[in-house]
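What follows is a single structure, written as C-alpha cells, with notes after it.
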Amino acid sequence: MTSNPDGNPNGKPKFAMCWAASCGGCEIAVLNIHEKILDVDQNFEVVFWPVAMDAKYKDVEAMPDGSITLTLFNGSIRNDENEHMAHLLRRKSKILVAFGSCACEGCIPGLANFSTTQEIFDAAYAGISTDNPNGIRPQSAWDAPEGTLHLPKFYPVLKTLDQVVPVDYYMPGCPPESHQIGAVIDLVIQALHGEATLPPPGAVIGAGQSTVCDECPRARNVKKITHFARIQDALIDPALCLLEQGVLCNGIATRSGCTALCPKAGAACVGCYGPAEGVLDYGARLMTAVASVIDSTDPAEINRILDSLPDPAGAFYRFNLAGSLLRAGKAAWAADRVKA
C-alpha cells in the first residue's frame, strides 16, 4: 500500500465508519483513543462517518468503487437498510473491517434470534413497561401528506456482517478496547506508508491469540463445581478464579485482548471478545469446558448442578448466537426462509 493509493488531490487515503444494528459503543470507543484521533485526521480523509459528520448515503453511492481505503463497519444486520449499507460499503472499500462484537458475531442483539418477529414486537410495543394504548406497530411504509414515508424492513433473523458480504478483517470486543483500536490504526498507517505489512485477509486484529484466562491474575486450582450461582448471590474471594467459586466465567472460551478487565474488577467474563483462536462454535466450547469441571459422575447429581446454572442459553451464546453454528431458533429460521 502507498500513502496515496487513490490519487486524492489532498494526498490522503479515504476512511469511513458505519453504524448498523448496535448500541453505538464502538463509535465512542474510537473517540476514546484520545490524541490518536488526530493521527486518523492527519493520515486519512474522513468521507463517511454519520455520527461525527454530516454525510449522506448518496455521497457514498457517487464514489468510485474501491475508492475508500478503510471502512470500520460496526453493528449487525437487522434490517434492509443495514444490508444495503453493508453491500454499498463493501463495494466502495478496499479494506472492510467487521468492527466490534455486533459486526463480528451478532452480540446481544443476536439473542433475539431465539424469538420470532412477532414475539420481538410484542415485547417492544405491548410489554408491561410500554405505554402504547393504541397498539401502534411499526410499518415499512406510511402515506403522509408529504408523500410515502419508508422505514427499514425488519428481518426475521439478525445476521453478522460476514453472513451478508465478504469481510477482510475482524476486530472483536463490546466495544474493542481503545488501546487495541489505537494499535490497529497505527498498523494501518504504517502499512499505508510502506513501513509494515497487514495480516492476511480473514485475520482477527486488535485482539490476542489465547484466552481471557491466560490474562487473568486470579489464582487457578483444580476446578470442582458442585453448584452455580449468580455473582450477586455468591460470597466472592477476590483472589480466586470465579469459575472455581461457582460463578460462570466465560474466560475459558473467550479470546484474549481485553486484559481480563471484568474478572480483575470482580465480574465474570461474559465473552464479548468472541471465540478463542481455533474455536468453531463458542457456545459448544463453553459447554464442553463447563461439563469438564462438574464434580460428579452421578447423572442425577450432574443434572442438579447444571440446573443451577442461570440462563444457560443466554450465558453460552450471549454474544455469539448469530455467528454460531446454531444461529437462530427454529421459528425464526422458518420465517427467514419465507422472506428469502
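No value in this document is a laboratory result; all are computed from the given coordinates. Please read all numbers here as calculations on a predicted model, not as lab measurements. All Cβ positions, even for glycine, are placed from backbone atoms using ideal geometry, and neighbour counts span all protein chains on display.
The mean sequence separation of alpha-carbon pairs under 8 Å and at least six residues apart, normalised by the residue count of the chain, gives a relative contact order of 19 percent. Taking the average, over residues, of other Cβ atoms within 10 Å as the packing measure, peptides 312-322, 44-54, 94-104, 123-133 rank 94-104, 312-322, 44-54, 123-133 from highest down.
Here the spin labels are modelled as points 7 Å beyond Cα on the Cα-Cβ line, and at HIS179 and GLN232 they lie 3.1 nm apart. Stretching the chain fully between VAL338 and GLU146 yields a gain of 65.8 nm (0.36 nm per residue, less the alpha carbon separation).
Using a 4.7 Å Cβ-Cβ cutoff, the cysteines of the chain lacking any partner cysteine are CYS18, CYS23, CYS26, CYS104, CYS213, CYS216, CYS241, CYS249, CYS258, CYS262, CYS269. Pull out a ≥ b ≥ c, the square roots of the eigenvalues of the alpha-carbon gyration tensor of the range 162-260, then state rounded if a/c is under 1.5, prolate if not and a/b is larger than b/c, and oblate in the remaining case. Verdict is prolate for the range 162-260. To the nearest Å, what is the center-to-center distance of the range 198-244 and the range 258-321, using C-alpha atoms only? When both Cα centres are located, 10 Å separates them. Listed values for the range 232-237 are Karplus-derived 3J(HN,Hα) couplings in whole Hz (6.51 cos²θ - 1.76 cosθ + 1.60, θ = phi - 60°), namely 6, 9, 10, 8, 8, 7, and x replaces Gly and Pro.
Beta bridges from DSSP with both residues in the chain: antiparallel share about 30 percent, rounded to the nearest 5.
Relative contact order, percent, of the range 212-309 when contacts are C-alpha pairs under 8 Å separated by at least 6 residues? Write down the numbers at each step before the final one.
Working: 148 pairs, mean separation 32.3, N = 98.
The value is 33 percent.
Think of it as helices only: each DSSP H run of n ≥ 4 in the chain is worth -39500 (n - 2.57), and spread over all residues that comes to -8000 deg cm²/dmol at 222 nm.
Shown is the FRET efficiency for GLN190 and ALA52, computed with R0 = 30 Å from the Cβ-Cβ distance and rounded to the nearest 0.05: 0.80. Residues whose amide H comes within less than 5 Å of that of GLU45, counting only those at least five positions distant or on another chain, are LYS14, PHE15 (H built at 1.01 Å from N in the peptide plane). If r is the Cβ-Cβ distance from HIS87 to THR197 and R0 is 41 Å, what FRET efficiency results, to the nearest 0.05? Efficiency, from the Cβ-Cβ distance: 0.90.
Given the choices (i) 21.2; (ii) 19.2; (iii) 17.0, mean projected area of the Cα convex hull in nm² derived from the coordinates of this structure is entry (i). Computed extension gain for ALA62 through GLU35, at 0.36 nm per residue and net of the alpha carbon distance, reaches 6.6 nm.
Shape of the range 193-340 from the C-alpha gyration tensor: oblate (a/c of 1.5 or more and a/b not above b/c, with a ≥ b ≥ c the square roots of its eigenvalues).
In this structure, ASP295 and LYS330 have a Cβ-Cβ separation that, at R0 = 41 Å, corresponds to a calculated FRET efficiency of about 0.75.
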